[in-house]
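A.B. asks: I am attaching a structure below and will ask some questions about it afterwards.
The values are calculated or read from the model by the stated rules, or taken from the named source; none is laboratory data. Predicted model only: the values in this text are computed from it and were never measured. With ideal geometry, Cβ positions are generated from the backbone for all residues, glycine too; neighbour counts draw on all protein chains shown. The protein model used for the area step is the full one, side chains on, heavy atoms only, and it has no ligands, DNA or RNA in it. Shrake-Rupley method; radii C 1.70, N 1.55, O 1.52, S 1.80 Å.
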Amino acid sequence: MRDHYTRTAIALHWLIAVLLLGQFAFGLTLEDIPRGTPERAIYVNLHKSSGIVIGLLIVLRIAWRLRHRPPPLPASMRPWQRYAARLSHIALYLCMLALPLSGYLASNFSKYGVKFFNLVHMPPWGPEDKTLYAFFNGTHHVAALLLALFVGLHVLAVAKHMLIDRDGLLWRMWPRRAERGIHPHPDLPLEPR
Ligand code: HEM
Ligand code: HEM
């Protein structure tokens, strides 16, 4: 039985975690840049562009996840703990989708649209609509707060597994070093002698 996530799942988990952390901090610093200034236009467009790239990586990650089952949870986990783990992972995926999507939708109900890395101008496909803009912007704000909350719980849960249950859960999501020759891969049948 596999006890690890696939290499692709592990790479996408950590890449997206680091990028989301940076994007979250970037979003918060946008609040300090005065509205209506040329600097704000530059930084908001950079935030939108990096957000779209992260959004595409998240879609790729979810597509991969739908085609690759995660390894089974440790047998010591109680049914309610398995349920809580599954629910919290779904909540994380929903927040990860809602953030870039709400930001993208808001941009299309403002007159600005997106200047993708200042290279490609993606004009808004929607009308300028203050109510819809406020709705999607509000969703963006709430999704950012919820993501921070669920990531906090996620890290606490992993810490509990590692420090109290001591079931090594973190290693399921940790990059493995290439094994050189000595140990056979556990999935390979052993050669009969
Ligand atoms: C991919 C993950 C993303 C994260 C984690 C993220 C996070 C944030 C955060 C924390 C803020 C500041 C709080 C707030 O006002 O809501 C913010 C603001 C903003 N984000 Fe994002 N964002 C992401 C993607 C996007 C995308 C794809 C777009 C648009 C295409 C976008 C557009 C904006 C805009 C325009 C603001 C400023 C809102 C204002 O101050 O009126 N974001 N973002
Ligand atoms: C923005 C930050 C993060 C996000 C959005 C995130 C998201 C997720 C999601 C959605 C899963 C479920 C994978 C699946 O089965 O489909 C997961 C698994 C996991 N994450 Fe994170 N994660 C983040 C940060 C972290 C950090 C900082 C740690 C380390 C403390 C961590 C450790 C793990 C581990 C060990 C698993 C595997 C859990 C299991 O075996 O069931 N994650 N993460």
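A.B. asks: For the condition within 26 Å of Leu19 (Cα to Cα) and either assigned to a loop (DSSP other than H, G, I, E, B) or within 13 Å of ligand 1 (Cβ to nearest atom) (or both), what is the one hit in Ala75, Ala98?
C.D. replies: Of Ala75, Ala98, the one residue that is within 26 Å of Leu19 (Cα to Cα) and either assigned to a loop (DSSP other than H, G, I, E, B) or within 13 Å of ligand 1 (Cβ to nearest atom) (or both) is Ala98.
A.B. asks: Select from the range 100-157 the residues that are of a type in the set (Ser, Thr, Tyr) and open to solvent by 60 Å² or more (accessible area, probe 1.4 Å) and write down the one among them that is farthest from the chain's Cα centre (by Cα).
C.D. replies: Out of the qualifying residues, it is Thr131.
A.B. asks: Take the range 1-42 and flag every residue that is within 13 Å of ligand 1 (Cβ to nearest atom), touching a helix residue (DSSP H, G or I) at 6+ places or on another chain (Cβ under 6 Å) and of a type in the set (Phe, Trp, Tyr).
C.D. replies: Phe26
A.B. asks: Looking only at residues that are aliphatic (A, V, I, L, M) and assigned to a strand (DSSP E or B) in the range 120-150, which one is nearest to ligand 2 (Cβ to nearest atom)?
C.D. replies: Applying the filter and picking the extreme gives Met122.
A.B. asks: Would you point out which residue out of Leu92, Leu60, Leu46 is open to solvent by 90 Å² or more (accessible area, probe 1.4 Å) and either away from ligand 2 (no atom under 13 Å from the Cβ) or of a type outside the set (D, E, K, R) (or both)?
C.D. replies: Matching residue, one of Leu92, Leu60, Leu46: Leu60.
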